[in-house]
Amino acid sequence: MDAAALYQKQILALAREARASKRLDEPMHTASARNPTCGDRVTVDLNTDDDGRISEMGAKVEGCALCEAATGLMLTTMAGQRLSDTARFQDEITDWLEGKSDDTAIDGQDSFIPVKSFSARHGCVTLPFRALGKAAPKE
């Protein structure tokens, strides 16, 4: 598969979501993750409601369009999720990208089908979910 296939309309639309996001002024939870291979960095800020569900999110991305797009996907789909459940998304997306599972963990994840053929780019897609998992308090 041609690398140009990675940057389809859905990916670019999700990347715009991330670029439009701002960090929260006073987050209850925050964490950063960095991809040592390429230098991408994502910082995620979260607020939760009384039930431990994500009520508000913000992020800052310093990275490629795939990292931005994955952050956009995270920002548009994680509201309402229990913060304690978020750590599993990185593993589920990694398994899906590597072909170990056909199940998509998140609506819109299929936008990243072209990335499956580029294992060196998998870390770009999973990075925001790693930051999200790190933001969850340890029980």
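From the list 71, 76, 86, 94, exactly one residue is touching a residue at least 40 places away in the same chain (Cβ under 8 Å) and touching a Ser or Thr at 6+ places or on another chain (Cβ under 8 Å). Which is it?
71
For the range 33-54, what are the residues that are in a loop (DSSP other than H, G, I, E, B) and farther than 22 Å from residue 9 by Cα?
35, 36, 37, 38, 39, 49, 50, 51, 52, listed by residue number.
With respect to residue 57, is the statement that it is in a strand (DSSP E or B), among the hydrophobic types (A, V, I, L, M, F, W, C) and within 26 Å of residue 23 (Cβ to Cβ) true?
It is true that residue 57 is in a strand (DSSP E or B), among the hydrophobic types (A, V, I, L, M, F, W, C) and within 26 Å of residue 23 (Cβ to Cβ).
Out of all the residues in the range 97-127, which are on the phi > 0 side of the Ramachandran plot and touching a residue at least 40 places away in the same chain (Cβ under 8 Å)?
Listed by number, the list holds a single entry, 108.
Listed here are the residues, each with its yes/no results for (1) free of Cβ contacts under 8 Å to residues at least 40 places away in the same chain; (2) within 14 Å of the chain's Cα centre (by Cα).
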{"position": "32", "(1), (2)": "no, yes"}
{"position": "46", "(1), (2)": "no, yes"}
{"position": "49", "(1), (2)": "yes, no"}
{"position": "52", "(1), (2)": "yes, no"}
{"position": "60", "(1), (2)": "yes, yes"}
{"position": "64", "(1), (2)": "no, yes"}
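Residue 130 - would you say it is within 16 Å of residue 38 (Cβ to Cβ), open to solvent by 30 Å² or more (accessible area, probe 1.4 Å) and assigned to a helix (DSSP H, G or I)?
Spelling it out, residue 130 is indeed within 16 Å of residue 38 (Cβ to Cβ), open to solvent by 30 Å² or more (accessible area, probe 1.4 Å) and assigned to a helix (DSSP H, G or I).
Anything in the range 114-127 that is over 15 Å from residue 13 (Cβ atoms) and buried (at least 16 other Cβ atoms within 10 Å of the Cβ)? List them, or say none.
Residues satisfying the conditions are 115, 118, 121, 122, 123, 124, 125, 126, 127.
Restricting attention to the range 51-69, which residues are closer than 13 Å to residue 35 by Cβ and surrounded by 15 or more Cβ atoms within 10 Å (Cβ to Cβ)?
61, 63, 64, 66, 67, 68, listed by residue number.
Against the conditions (1) open to solvent by 30 Å² or more (accessible area, probe 1.4 Å); (2) under 19 Å from residue 121 (Cα atoms); (3) without any contact (Cβ under 8 Å) to a residue 60 or more places away in the chain, where does residue 20 fall short? Just the number, please.
The single condition residue 20 does not satisfy is (2).
Of all residues in the range 84-109 being modelled with pLDDT of 90 or more and part of a helix (DSSP H, G or I), which is surrounded by the most Cβ atoms within 10 Å (Cβ to Cβ)?
Step by step, filter the range 84-109, then rank; the result is 93.
The values are calculated or read from the model by the stated rules, or taken from the named source; none is laboratory data. Remember, it's a predicted structure, so these values are computed and weren't measured experimentally. Every residue, glycine as well, gets a Cβ built from its backbone with ideal geometry; the counts of neighbours run over all protein chains shown. In case anyone asks, the SASA skips ligands and DNA or RNA and just uses the protein heavy atoms, side chains included. Shrake-Rupley method; radii C 1.70, N 1.55, O 1.52, S 1.80 Å.
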